[in-house]
Amino acid sequence: MPRFRLGRRAILRGAGSIAIALPWLEIMGEGRSARAAEAGKRFVTVYTPGGTVSNNGDGENRWRPSGSETDWTLSPILSPLAAVKDKLLVLHGLAMRSAVGEQHQAGIIAWLTGTNQDGAGGYSQGPSVDQVIANRISQDKAIKSLQMAIRWGTGKSHGLLSPINSVNFEDNANFDPIPPRLDPQAIFTALFGTLDPATADDVKAKIERKKSILDHVDRQYADLSAKLGAADRMKLEQHLEKVRELEKSLDDQVVATPVCQLPELVDTSDYDPFTGLDSDDNGSVVNVTTDEAIPKVGKFFMDMLVMALACDITGVASLQWTDTEAKHTFPWLGLDQHHHYYQHDGGFRPVQLEQIYTWYSEQHAYLLEQMDAVDMGGHTLLDESVVFFGSELAQPPTHDKSTMPFLLAGGGAGMRAGRYLDLTGLPDRSHNNLLVALLNLFGDERTTFGDEDYCTGPLSGLT
Amino acid sequence: MRTLATGVLSLVVVGCYAGLGAGDRGGDDDGAGGEEEAEESAGGDTGVISCEDGRAHPNRAPLRRMTRFEYNNTVRDLLGDNTSPANAFPSEEIGNGFGNDADAQAVSSLLAEQYATVAEGIAARATETPAALTALHACTSGVDDSSEAECLRAWLGEFLPRAYRRPITTQDVDELVALHQAVREAAPFPSGVAAVIEAVLQSPHFLYRVERGITDENGNRRPSGHEMASRLSYFFWGTMPDDALLAAAQSGELETDEGVRTHAERLLDHERSREVVRFFFDNLLPIASLSKLERDAEMYPTFSPQIGGHLREETQQFLLHEIYDDEGSGTWEGALTAPYTFVNEALAAYYGITGVTGESFQKVDIDTTQRLGLLTQAGMVAGTVHSNATNPVVRGAFVVQKVMCNKIPLPTGDLLDEVKPPDPYSGATARERFSQHSEDPVCAACHQMMDPVGFALENFDPVGLWRDQENGVEIDASGSLPGLGGFNGPVELARAVAAAPDTHECFAVNWSQFALGRTLDAGDECTQDRLVDDFVASGTNVRELLIAITQSDAFLYLPSEE
């Protein structure tokens, strides 16, 4: 049976034209939890490449905190997060056992899906956890989930959507990889166009026009799909679902409120978001000007992400700091080789890597602090969110994935932060169990997720 | 139906499990199933197929959506838009490697949004000036309230059949007229026209190649004349059908095998088919972004991104010459063993060839003790190197997997923990750096399938220039591969690869997958066997292969209705 998911609105609008063979409740997802009211409200994933320095060559772990669960000290790499330490839940010791396939690709695929890579050059064999959560908590938002990436597609892409780059996978029959949004100016207009007095009138007029056009397009897909065989029909219905998402986002334009404010528009004319997209096996496309703009552009992305949540435009967001190739340079850190070079292309360079990972911690601290500065009425935006920070591997010189540097933050769904959990002693350290526990936080009470070979049930201790 | 390349291609399996290849993504069911299920359903048909039972065996024909390449070409021919606007669409899924695999094509929220945004830009450009409007239809000049409706219908009568690539119905037109009216209430006439264009460019009748089919006198289901016109046009030109194809569709000419062949030959003979041939090789070979290749300037002072761009052009011009020109061999085997290449002045200096001046490329003989054919061209061996040091695994894997279609599985399980990249500064030569691959029998099981090919190319440095030594140590370029036998150096390797049956089969399969927009599976056995046999019998003639694909059951027919 195809697991073709329908948006709530798609069902309301188009039930007549879409074949529904499943009982109503089944189609709406696994039994809604009684705890749904108190389930997490927002889910954010932040990807950074190349793991961390968990062994600097002298056996020193530069990422792992020290101390006990509640009395602990940040590590050097995590030290920039001091201001939000009581909102962190550090998870040390989980193994990404489901990451089977090409070393980096399998890592980024398994991180949120808990499945093996689907053969060489293939993608995931299941949905990513953010998409499952989006179908639960974000169906009624203007945008069901928001995927954004900074300096993305840095190597080996051949102009195609490479498994090197993909972190999010649809919760549909094919688990299609989701291409992230790359152009900061286009994101700004799409999300906040009506909030910007400079463009608001123009945007509103365009919206009415677009609605007429999409209404026509909508009917064309509905009419034609009804005439086609099952496989082709499903393809057009998937397209139709996305057209309807677009229609919905036009209907639900954002309105300014005390917490929902237009982010500051940043000039990114020195930044080419598409540089490197057609890079080949021969490696990176060097674009120093664009690389120099990464800190500024990254901050702009994070500002937009925070407001997309604060304005309730979406409940689920994904931010990628580049891809697993990680082939851009860090001129602002004085590093003129790319990240992968320091990982192992140029031999393992722990000193430079620590600089890079510490910088990523600084960026993540900025994101969390901004989320923590939004007052949602007695608690902050961060308090009602779960933020999952991770990577495709643990140790860059070996691709080792046995003790992943995972970091949760926030307080959504009763997650108890301000703790450091050393999980190395668990009988089953598979990270699939963490994915199950995350789903449980959002009211999805399943007991297994991803490839069952790597899953024995939810990781306990988050709440 | 999930599909498997396994069992279709001849595979080298010597202690190295032949796994799933790229593009094995499900199309219309399952999805959650594992490999077991995939294997059960491989082929689609139950029982043994007899290719000579007098019936057509087209296998599947999943609904195809325009790629970015095709969209750019189509709006150029439909509306004169030369801006390559589809480059703003997100990258295609990998699928069969050409970005046109119907089973892998998905619609993301971003793509749906970009279809709208890009269409808005195209429509604005097509209607923003009186001259642009006149180019749409002469009636737009001097149009007023009384003539508006008539003019709109006159334009749609000409525009819509071209956009939808089929005869149109009154409903098609009426719906768009209604849209025009809705938008026209708040905006001037051209804005309404623009809205109609935007709607058409997002329509499934424009973006998808819908094939409803007709039944021929033998009871076989085949594409209608118009559907066949699109099949031919997108295969050979990567764009919408021209007037001659539409006329042939109208007259019924394209409902016969001979009619299809006649037009296939016409399209292939036309200059425009070269664009598609270039696109095919840009995707098959590691040359597409050589102009962006960065190498350490101190280590490789004569290389530059400009040279990289020339290297890509060398390979393309060489292949076009081989395939199209009378002096070319016309064959894939010939391209793999040609004793000449194409260079301009800058590239000649790079290679150390004298007597070439000017920017245009010309044919030159090469030193056949060092180079022979496509695989030894500098761009080909530079394009498979990640960094400033060669990697025989990547070079070998390219030849074995993309030229010979032999799948090498990735390490799994406990083996993963043992795999780590070699220190690029250990050992003087690549053979030393990658010695674990041959010394450790677990690694060797698979690496013996690809590393030797890379070692044979070690006389080419990371920018594709000849070297006898690496770090002062004489390069040992000898090796052997099951199925290829022994070879010493790039020239012997080139001859061995060119003569290998796997190489011929692989090339025919790659072109078929590109032409059909999917990954071949066991259900394609009849089509594939015949194409490969004919290709080999022709001495691996490339143009004959392309025509033969249009005469295959998979191209001429549609599967029976569900």
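Of all residues assigned to the stretch B:487-497, at least one qualifies as being assigned by TED's automatic domain parsing to the domain that holds residue B:289 and part of a strand (DSSP E or B). Considering the stretch B:415-431 alone, what residues qualify as being modelled with pLDDT under 80 and more than 11 Å from every other protein chain (Cβ to nearest Cβ)? Residue satisfying the conditions is B:427 alone. Looking only at the stretch A:408-423, residues that are at pLDDT 95 or above, surrounded by fewer than 23 Cβ atoms within 10 Å (Cβ to Cβ) and not in a loop (DSSP other than H, G, I, E, B) come to 3 in all. Residues that are more than 7 Å from every other protein chain (Cβ to nearest Cβ) and in contact with a Ser or Thr (Cβ under 6 Å, 6 or more places away or on another chain) were ranked within the stretch A:227-247; the one that is nearest to residue A:134 (Cα to Cα) is A:237.
For every residue, the table says whether it meets (1) surrounded by 15 or more Cβ atoms within 10 Å (Cβ to Cβ); (2) part of a loop (DSSP other than H, G, I, E, B).
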{"site": "B:99", "(1), (2)": "yes, yes"}
{"site": "B:105", "(1), (2)": "yes, yes"}
{"site": "B:114", "(1), (2)": "yes, no"}
{"site": "B:122", "(1), (2)": "yes, no"}
{"site": "B:134", "(1), (2)": "no, no"}
{"site": "B:153", "(1), (2)": "yes, no"}
{"site": "B:159", "(1), (2)": "yes, no"}
{"site": "B:174", "(1), (2)": "no, no"}
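Do we have any residue at all in the stretch A:87-106 that's touching a residue at least 24 places away in the same chain (Cβ under 8 Å), small (Gly, Ala, Ser), assigned to a strand (DSSP E or B) and surrounded by fewer than 24 Cβ atoms within 10 Å (Cβ to Cβ)? Yes, because at least one residue in the stretch A:87-106 is touching a residue at least 24 places away in the same chain (Cβ under 8 Å), small (Gly, Ala, Ser), assigned to a strand (DSSP E or B) and surrounded by fewer than 24 Cβ atoms within 10 Å (Cβ to Cβ). Among the residues making up the stretch A:224-274, those that are of a type in the set (Gly, Ala, Ser), out of contact with any helix residue (DSSP H, G or I) (no Cβ under 7 Å at 6 or more places or on another chain) and under 21 Å from residue B:213 (Cβ atoms) are A:229, A:230, A:231.
The residues of the stretch A:382-433 that are acidic (Asp, Glu) and either more than 21 Å from the chain's Cα centre (by Cα) or more than 14 Å from every other protein chain (Cβ to nearest Cβ) (or both), listed by number, are A:383, A:384, A:400, A:422, A:428.
Which ones in the stretch A:171-196 are closer than 15 Å to residue A:112 by Cβ and either at the interface with another protein chain (Cβ under 7 Å from one of its Cβ atoms) or part of a strand (DSSP E or B) (or both)?
Residues of the stretch A:171-196 closer than 15 Å to residue A:112 by Cβ: A:171, A:175-178, A:180.
Residues satisfying the conditions are A:175, A:176, A:177, A:178.
Just one of the listed residues (B:434, B:398) is of a type in the set (Phe, Trp, Tyr), facing chain A (nearest Cβ under 10 Å) and under 30 Å from residue A:401 (Cα atoms), and it is B:398.
Within the stretch B:317-345, the set of residues being touching an Asp or Glu at 6+ places or on another chain (Cβ under 9 Å) and within 15 Å of residue B:381 (Cα to Cα) comprises B:341 only. Applying the set (1) more than 14 Å from chain A (Cβ to nearest Cβ); (2) surrounded by 20 or more Cβ atoms within 10 Å (Cβ to Cβ); (3) without any contact (Cβ under 8 Å) to a residue 12 or more places away in the chain to residue B:259 leaves exactly one unmet item: (2).
Would you say residue B:431 is more than 29 Å from residue B:283 (Cβ to Cβ), in contact (Cβ under 8 Å) with a residue 40 or more places away in the chain and surrounded by 21 or more Cβ atoms within 10 Å (Cβ to Cβ)? In short, yes. Checking each residue in the stretch A:272-306 for being touching a Ser or Thr at 6+ places or on another chain (Cβ under 6 Å) and either among the charged types (D, E, K, R) or at pLDDT 95 or above (or both) picks out A:272, A:278, A:280, A:281, A:291, A:297.
Please verify whether residue B:178 is surrounded by fewer than 19 Cβ atoms within 10 Å (Cβ to Cβ) and within 14 Å of chain A (Cβ to nearest Cβ), treating the condition exactly as stated.
Values: surrounded by fewer than 19 Cβ atoms within 10 Å (Cβ to Cβ): yes; within 14 Å of chain A (Cβ to nearest Cβ): yes.
Yes: the conditions hold for residue B:178.
The values are calculated or read from the model by the stated rules, or taken from the named source; none is laboratory data. Here the structure is a predicted model, which means the values were calculated and not measured. As a convention, Cβ positions derive from the backbone with ideal geometry for all residues, glycine included, and neighbour counts pool all protein chains shown.
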